[in-house]
Amino acid sequence: MEGPAGGTAGPSIVPRGVARLTLIAVTVAVFAETLRYSLPAFANTSVGAALGLGLVAAAVAFLAPAIRALRGPRWLVVIGVGGLLLTRVVAQGTGPVLNLAVVGTAFGLLALPALYESSRGLSGVGFSIAATAGLAFDTSIRMLFGTWDGVWRGGIGPWAVCLIVVAAGIAALAREMSSPAVPFPGISWRDALGAAALGPFIALQVLVLSNPAFVASAGWLSLTTACYVVWAGQALALAFLASGLAVRAVPGGVGVLGGTLLGVCAGAVAGTYALDGKLVVFAVVPAQLLAAWLLAVACRAPLRLAGTGGPIWRVDLGAALGGLALVAILVPYTLNPEHPLPFPNNALSGLAGILLGLLAAIAAARGGPLPARAPQRALAALGGCLLLLVPPVLFGQSAATKAPTGGAAEIRVVSLNIDQAMHDGRLDPERIARLVETQDADVVTLQDVGRGATASGTADLGVWLSDRLEMKLVWGPAADSQYGNAILTAVPVQSTGSARVFSGEQVRGYVWARLGEGDATVDVWTTRLAPGDEHDDARAVEMSALVKAWSGAPRTIVTGDLSTEADAEEIGVLTSAGLRRAPGTLAKGVTQNIFGTDDVVFGDSSVDDGGLVAVTAEVGR
């Protein structure tokens, strides 16, 4: 069938009823989860390999016009969405691996143009409602697993969730295939660029807006409270969109302004040089509403049923460009903690918001279906969102940490670099918990801990391990608020502190906690220093900063991954300040170290092949 602008690839599809909304919601939710298991796999390769694999996946989306021409729009939807759903089931069965991450990301990016094809005739508001609802459902399900996604886990629960979600997607896809066909509209390049908005929108959601662990770590909130904040943003966005007030006549300048505000909000809270604290709450909630509104504005034109212009495959290319932007934002951002970018990674999160605004501005005045005003729908949307609060409420009730008891006269201290809990290409914090449990530890110091970091699937590893080990979490950010050091303790906490240090290589950090009761206290510090032989000067600067902050206080234990051999010259910064190494903790190739002041007596030490160092410490008064 040939469209009015000369398209040659068969009829378009106009789905009916709830099926099209379900298809959008499920596809966006599954794609967000696919990105969360793919980005850690990319991060565990070299910089060149990660960027190359990301570009290969992005290139697949540019095949959409060819698939449309050869097999028709129905096959574009089946291959893009169906392939993504199939990959999700395979990932649940085999576990996410690098090859599967590339394939899943490629299908997900191909699903972006497929979604526009399957949603033609839907208003931009309807499209944005479905996408936001899918993300809200995804966030709620994640809280059932404490943000450690079910795709990484075995057992009945994760499999049940996977099969239910995929079955809903397949049912909606089947209904899609039975929908009647209509002629293609004509599409200008300006119309088509609106389709690119979905890529930056999803990038923002994964990084910040639908990331409870990000809000928890950056906002210094409990994970449960952070989930409520994310829910509030999603619920307000859905209510605003459902009311029918979201899209009327929107001047392009308003879209530019909205995108600028969104970019400033995202860049201000996400990245190496970001603000933190309660300000994050006041940034995330309105930013979610703004992002959903801009997506609705941008999507109106590419979804319309009638118009003049060029062939419909221009929309495919527009959506593929959005997918390329998504990869260009998320992959470098993920690599930054281990491979610092030549510019602050705040620019990437800010770029996502600005791009979304620019694309909305380009497509703002191009027309498309408009919803009716319906205030009652806003109330219905809020009511529906209340059901999504059940998982975070259950998580909050089950996550009560055992109250610390006792003094610090004798404690078992464990130090370990968990490397974002990645092991053999899998995110596995349970393995870390079991390693720690073998030592019967009172205090655990951890480095390279992700809390909402894309390199660890945006899981809150600090909170998950704290709940799993029934210990209190003390957090200290480093490269950014989502990547740093942690102290887990079963000993009461009197006071804590943390700081970040820039030595020229990367922003590093340290965290400390005064543990115990009354006079029986001990100060425990931990840090991760710059890796690599070429960064010995940076390590010396970082150690000096820690020693200066310590200021020679008594009853002190300093632990961490010093990223160098035990006899390295820069270790002298610690020993010359009066700290001595715990006997029996040296092992070739192990960069974990435990030091203490003279009033701390060490004994019963052990060094694990995986880099875990443990020691019993008796603290004098």
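Think of the chain as a dipole: +1 on every Lys or Arg Cβ, -1 on every Asp or Glu Cβ, centred on the Cα centre; then among L198, V315, A545, V315 lies furthest on the positive end. One chain, two ends: Y273 and A553. Fully extended at 0.36 nm per residue, the span grows by 97.8 nm beyond their Cα-Cα distance. Send over a whole-number figure in Å² for the accessible area per residue of the range 16-396, probe 1.4 Å. Heavy-atom SASA per residue in the range 16-396 reads 32 Å². Length available on full extension from A409 to S222: 0.36 nm per residue minus the Cα-Cα distance, which gives 64.3 nm. On a C-alpha basis, how far is the centre of the range 446-503 from the centre of the range 517-559 in Å? Whole number, if you could? Each part reduced to its Cα centre gives a spacing of 16 Å.
For the range 16-396, the relative contact order works out to 28 percent when only alpha carbon pairs closer than 8 Å and six or more residues apart are counted.
According to the square roots a ≥ b ≥ c of the eigenvalues of the Cα gyration tensor, what is the shape class of the range 454-549, taking rounded for a/c under 1.5, prolate for a/b larger than b/c otherwise, and oblate for the remainder?
Details: a/c = 2.80, a/b = 1.31, b/c = 2.14.
Note, shape of the range 454-549 comes out oblate.
Measuring spread by the Cα atoms of the range 137-214 yields a radius of gyration and Dmax of 17.7, 49 Å. Legend: Rg and Dmax of the range 491-621, from Cα coordinates, 14.2, 44 Å. With contributions of -39500 (n - 2.57) from each DSSP H run of at least four residues, the per-residue ellipticity at 222 nm computed over the chain stands at -16000 deg cm²/dmol.
Share of the chain's accessible area from carbon and sulfur, percent, 1.4 Å?
63 percent
In terms of overall dimensions, the range 400-619 has a Cα radius of gyration and Dmax of 15.8, 45 angstrom. Under the membrane-span-like helix rule (DSSP H runs whose alpha carbons stretch at least 24 Å along the helix axis, mean Kyte-Doolittle hydropathy 0.5 or higher), the chain yields 18-43, 98-118, 124-144, 156-177, 223-242, 252-269, 279-299, 313-335, 346-363. Here L163 and D598 are evaluated by their C-beta separation; at R0 = 60 Å the FRET efficiency comes out at 0.50.
Modelled spin labels at A69 and D519, positioned 7 Å past Cα toward Cβ, are 8.5 nm from each other. Stokes-Einstein diffusion of the range 16-396 at 20 °C, 1.002 mPa s viscosity, Kirkwood radius from Cα pairs, rounded to a whole number: 106 µm²/s.
The values are calculated or read from the model by the stated rules, or taken from the named source; none is laboratory data. Note that this is a predicted model, so its numbers are computed, not measured. Here Cβ is always computed from backbone atoms with ideal geometry, including for glycine, and neighbour counts include all displayed protein chains. Please note that ligands, DNA and RNA were not included when accessible areas were found on the heavy atoms of the full protein model with its side chains. Shrake-Rupley method; radii C 1.70, N 1.55, O 1.52, S 1.80 Å.
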